[in-house]
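Before I ask anything, here is the structure I am working with.
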Amino acid sequence: MTAWTEEELDRIAEAEELRISSLRRDGSFSKPIIIWVVRVGDDLFVRSAYGPENPWYVNARRRGRGRIAAGGVERDVDFADASGTPAEAIDAAYHDKYDPISSPRIVATVVGERVHPLTLRLVPREE
């Protein structure tokens with residue numbers, strides 16, 4: 001399994017937004033959408049703020065692969081389960097990063113029990 005480098009983790013975590021694409025049935029990647037990303041330890045996490053039927057999230061869960069770009073880093077990734085990291089730690093990371101720059105109403109879309117099951121860990125794929 002490939003791991004993130006410290007530089008990649010720092011650059012992605014410092015970026016305000018992440019562009020994310022999921023793998024399509026035909027092997028191409030979907031048009032990137034912009035979402036938020038947080039770092040907890042040596043892992044990066046994303047959540048579907050608009051629920052489990054959000055198209056990028058449905059494809060990410062179904063096919064398990066995608067591509068991300070943030071902070072000058074572009075990588076193909078696997079979308080993995082986030083159950084090994086406490087959901088509250090991920091909530092705290094979202095609050096720490098986004099409370100100072102966004103409204104509480106918007107931050108509320110990515111924290112709390114409603115979105116805990118919609119959390120994905122980004123795992124870098126071999127180049």
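Please count how many residues of segment 69-78 are over 12 Å from the mean Cα position of the chain (by Cα), in contact (Cβ under 8 Å) with a residue 24 or more places away in the chain and surrounded by fewer than 18 Cβ atoms within 10 Å (Cβ to Cβ).
The qualifying residues number 2.
From the list 38, 123, 73, which one is closer than 17 Å to residue 3 by Cα and either in contact with a Ser or Thr (Cβ under 8 Å, 6 or more places away or on another chain) or of a type in the set (Lys, Arg) (or both)?
Sole residue among the options that is closer than 17 Å to residue 3 by Cα and either in contact with a Ser or Thr (Cβ under 8 Å, 6 or more places away or on another chain) or of a type in the set (Lys, Arg) (or both): 123.
Sticking with this one: So which residues in segment 85-107 are out of contact with any Ser or Thr (no Cβ under 8 Å at 6 or more places or on another chain) and either in contact (Cβ under 8 Å) with a residue 60 or more places away in the chain or hydrophobic (A, V, I, L, M, F, W, C) (or both)?
The answer is 89, 92, 93, 97, 98, 101, 106, 107.
Determine which single condition residue 82 fails, assuming it passes every other condition in (1) without any contact (Cβ under 8 Å) to a residue 40 or more places away in the chain; (2) on the phi > 0 side of the Ramachandran plot.
(2)
Residues are listed down the side, and each one gets a yes or a no for (1) assigned to a loop (DSSP other than H, G, I, E, B); (2) modelled with pLDDT of 95 or more; (3) surrounded by fewer than 18 Cβ atoms within 10 Å (Cβ to Cβ):
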{"site": "34", "(1), (2), (3)": "no, yes, yes"}
{"site": "50", "(1), (2), (3)": "yes, no, yes"}
{"site": "59", "(1), (2), (3)": "no, no, no"}
{"site": "67", "(1), (2), (3)": "no, yes, yes"}
{"site": "80", "(1), (2), (3)": "no, yes, yes"}
{"site": "83", "(1), (2), (3)": "yes, no, yes"}
{"site": "96", "(1), (2), (3)": "no, yes, yes"}
{"site": "102", "(1), (2), (3)": "yes, yes, yes"}
{"site": "114", "(1), (2), (3)": "yes, yes, yes"}
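Hey, any hits in segment 4-21 for a residue that's surrounded by 12 or more Cβ atoms within 10 Å (Cβ to Cβ), of a type outside the set (A, V, I, L, M) and touching a Ser or Thr at 6+ places or on another chain (Cβ under 6 Å)?
yes
The values are calculated or read from the model by the stated rules, or taken from the named source; none is laboratory data. A quick note: this is a predicted structure, and the numbers were derived from the prediction, not measured. All Cβ positions, glycine included, derive from the backbone under ideal geometry; neighbour counts span all protein chains shown.
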